[in-house]
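Taking it in order: structure first as structure tokens, then the write-up.
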Amino acid sequence: VNHTVGNDFMKLLNTQLHSIPEFLKTIPPSKWDYAYAPGKWTVKEVIMHLIDCERIFAFRALCFARKDQTELPGFDENAYAPNSGCASRSAKSILEEFQAVRNSTINLFQNFDEEMLFRTGKANGKLFSVKLIGAIIAGHELHHLKVIKEKYMNS
């Protein structure tokens, strides 16, 4: 969320719909299956992590916006990446999935009214507002893009 302070999260989500794929297209094919250290994710796994998290966060936002007070569970992001099957996928198919998920997220959030954006719910033992979840999605991606630029592109 710190990466989104002072920014409209909806504007960031819309900007990222195009800016993230454009940046990712500049990554050389040899880097997509590269991990900068043992036990670290490959670029493909990082992008799949972003996609998976966005889906989970959007589901949480939907539940809270609809006043579902069921406490939602956390998830083990470290179990998702190696089980995503992304190693056998092309960068193009991963980028297409990113854009499809982002389009869905944008559509969901742009149809929340002001009251819905301030509704809250619990996930992983913590209280979140729908609006905060939107900022988390945008900020999470900014964080991981920074990591890709610093740790993957400079190696």
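The values are calculated or read from the model by the stated rules, or taken from the named source; none is laboratory data. Since we're looking at a predicted model, the values are computed, not measured. Cβ coordinates were reconstructed from backbone atoms using ideal geometry, including for glycine residues, and neighbour counts include every protein chain displayed. When the accessible area is computed, the model is the full protein with side chains, heavy atoms only, and any ligands, DNA or RNA have been set aside. Shrake-Rupley method; radii C 1.70, N 1.55, O 1.52, S 1.80 Å.
Listing for the model above:
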{"item": "Helices (runs of 4 or more DSSP H) wholly inside segment 75-122 containing at least 1 residues that are among the aromatic types (F, W, Y) and touching a residue at least 24 places away in the same chain (Cβ under 8 Å)", "result": "77-80, 91-110"}
{"item": "Scope segment 112-155; condition more than 24 Å from S30 (Cβ to Cβ) and of a type in the set (S, T, Y); matching residues", "result": "T120, S129"}
{"item": "Index of the failed condition, S88 passing every other in (1) modelled with pLDDT of 95 or more; (2) at positive phi; (3) open to solvent by 80 Å² or more (accessible area, probe 1.4 Å)", "result": "(2)"}
{"item": "Conditions (1) within 17 Å of I136 (Cβ to Cβ); (2) part of a helix (DSSP H, G or I); (3) at pLDDT below 95; number of the one not met by N7", "result": "(2)"}
{"item": "Near pairs, Cβ below 8 angstrom, 6+ apart or cross-chain, from segment 45-67 (within 15 Å of E96 (Cα to Cα) and among the hydrophobic types (A, V, I, L, M, F, W, C)) to any residue that is outside any helix (DSSP H, G or I) and open to solvent by 10 Å² or more (accessible area, probe 1.4 Å)", "result": "M48/S84"}
